[in-house]
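Working notes for the structure below.
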RNA sequence: GGUCGAGUAGCUCAGUCGGCAGAGCAUACGCCUGAAAAGCGUAGGGUCACCGGAUCGACGCCGGUCUCGACCA
């Protein structure tokens, strides 16, 4: 049976290794990376992108979809991934989603209707957010769409602006686009989560960051800075990149930059765990010391 | 050895005239619908280096001890 398989977990949990090992034992498996940063070309080391050898051995999707100068979006990812799923199904192969970005995964597993964009409306709202504060915008949202307003903190300018953008721009309440993310209907995906102890994960992150530095992450960032087109707002927020950009532009020492990468990557990993762990559909595997050995047998039985 | 400065949350540091011990970061927990490796919220955390004294009351004042730093010998 070809029910898509989802392997998920925090950064440095060994998802990709598990996926590759599984694909080696199961003919016709194709990998879809569900990762908001591996979509950028030439951002390879810092995003822990699968190697050329891995990509030759097993077909990969969801990677190198955009230039680092482009602003990428969830919707763009969703379209590309759905297309890949259709193609993989047509080949009667099995899709293996390797997921680190929770929101991106939900748009695939749980068909969601993502509202459109109204850039002019948004630009105006962002100005107002700076001028009068997000509380004032939240008050307006509370009148136009009380349900949406109740779902978010008045202090969260990002979400308040977006909800108003949709409601004002599209003439339809933001909250009408779905019940929110805390609904977990049964879906045709087998989802397996990789779980390490905090201490073990912290160690793995440190080892990985240092390995990236040795593999030439600094040079990769330097090359990106030297490109004609500057990195987009979304690409620039990639962990490991923004900190090294700060260093290369003289704002921090290298040591300081690497320390910041370690702290932020740890925080990111925890945020990923927190996102995934509330989804009751995920089967968690607690890993003692070898992700491949401990998880692949379970996948082969699924 | 002498002089001066410092010692307050895991870290960096505020703390006015003596009146319930503070911030940022970190940590834990929660939220998340076209930026999501982004953004937002809540919470825990203290023998104010140590010992003694004066005071109704000390992180603060007085005496001593210890540790660190700078300078002088």
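Summary of computed values
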{"quantity": "Length-normalised contact order for the stretch A:1-142 - Cα pairs under 8 Å, 6+ apart - percent", "calculated": "33 percent"}
{"quantity": "Residue order, fewest to most surrounding Cβ atoms within 10 angstrom, among A:49, A:15", "calculated": "A:49, A:15"}
{"quantity": "The stretch A:170-302: relative contact order in percent, alpha carbon pairs under 8 Å with at least 6 residues between", "calculated": "39 percent"}
{"quantity": "R0 of 25 Å, Cβ-Cβ distance residue A:127-residue A:256: FRET efficiency to nearest 0.05", "calculated": "0.15"}
{"quantity": "Relative contact order %, chain A, counting alpha carbon pairs below 8 Å whose residues are six or more apart", "calculated": "28 percent"}
{"quantity": "Among A:218, A:144, A:262, residue whose mean-square fluctuation peaks in a GNM of chain A (springs only between Cα atoms under 10 Å)", "calculated": "A:144"}
{"quantity": "Contour excess over end-to-end distance, with Cα ends at residue A:227 and residue A:263 and 0.36 nm allotted per residue", "calculated": "10.1 nm"}
{"quantity": "Cα shape, chain A, gyration tensor, a/c 1.5 rule", "calculated": "oblate"}
{"quantity": "Calculated FRET value between residue A:278 and residue A:135, using beta carbons and R₀ = 35 Å, to 0.05", "calculated": "0.80"}
{"quantity": "Net length gained if the chain between residue A:288 and residue A:83 were fully extended (0.36 nm per residue, minus Cα distance)", "calculated": "70.2 nm"}
{"quantity": "Selected from A:76, A:128, A:41 as most flexible by GNM, with chain A as the system and alpha-carbon contacts under 10 Å", "calculated": "A:128"}
{"quantity": "Cβ-based exposure ranking for A:184, A:40, A:189, in which fewest neighbours within 10 Å come first", "calculated": "A:184, A:189, A:40"}
{"quantity": "Segment residue A:300-residue A:199, extension gain: residue separation times 0.36 nm, minus the distance between their alpha carbons", "calculated": "33.5 nm"}
{"quantity": "Chain A - mean residue ellipticity at 222 nm from DSSP helices (-39,500 (n - 2.57) per run, n ≥ 4, rounded to 500)", "calculated": "-16000 deg cm²/dmol"}
{"quantity": "Taking A:286, A:73, A:109 and counting other C-beta atoms within 10 Å, the order from fewest to most", "calculated": "A:286, A:73, A:109"}
{"quantity": "Cα gyration tensor shape for the stretch A:104-193, rounded if a/c is under 1.5, else prolate or oblate", "calculated": "prolate"}
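Each reported figure results from applying straightforward, stated rules to the coordinates on display, with no laboratory input. Since the model is a prediction, treat every value here as computed from it, not as a measurement. All Cβ positions, glycine included, derive from the backbone under ideal geometry; neighbour counts span all protein chains shown.
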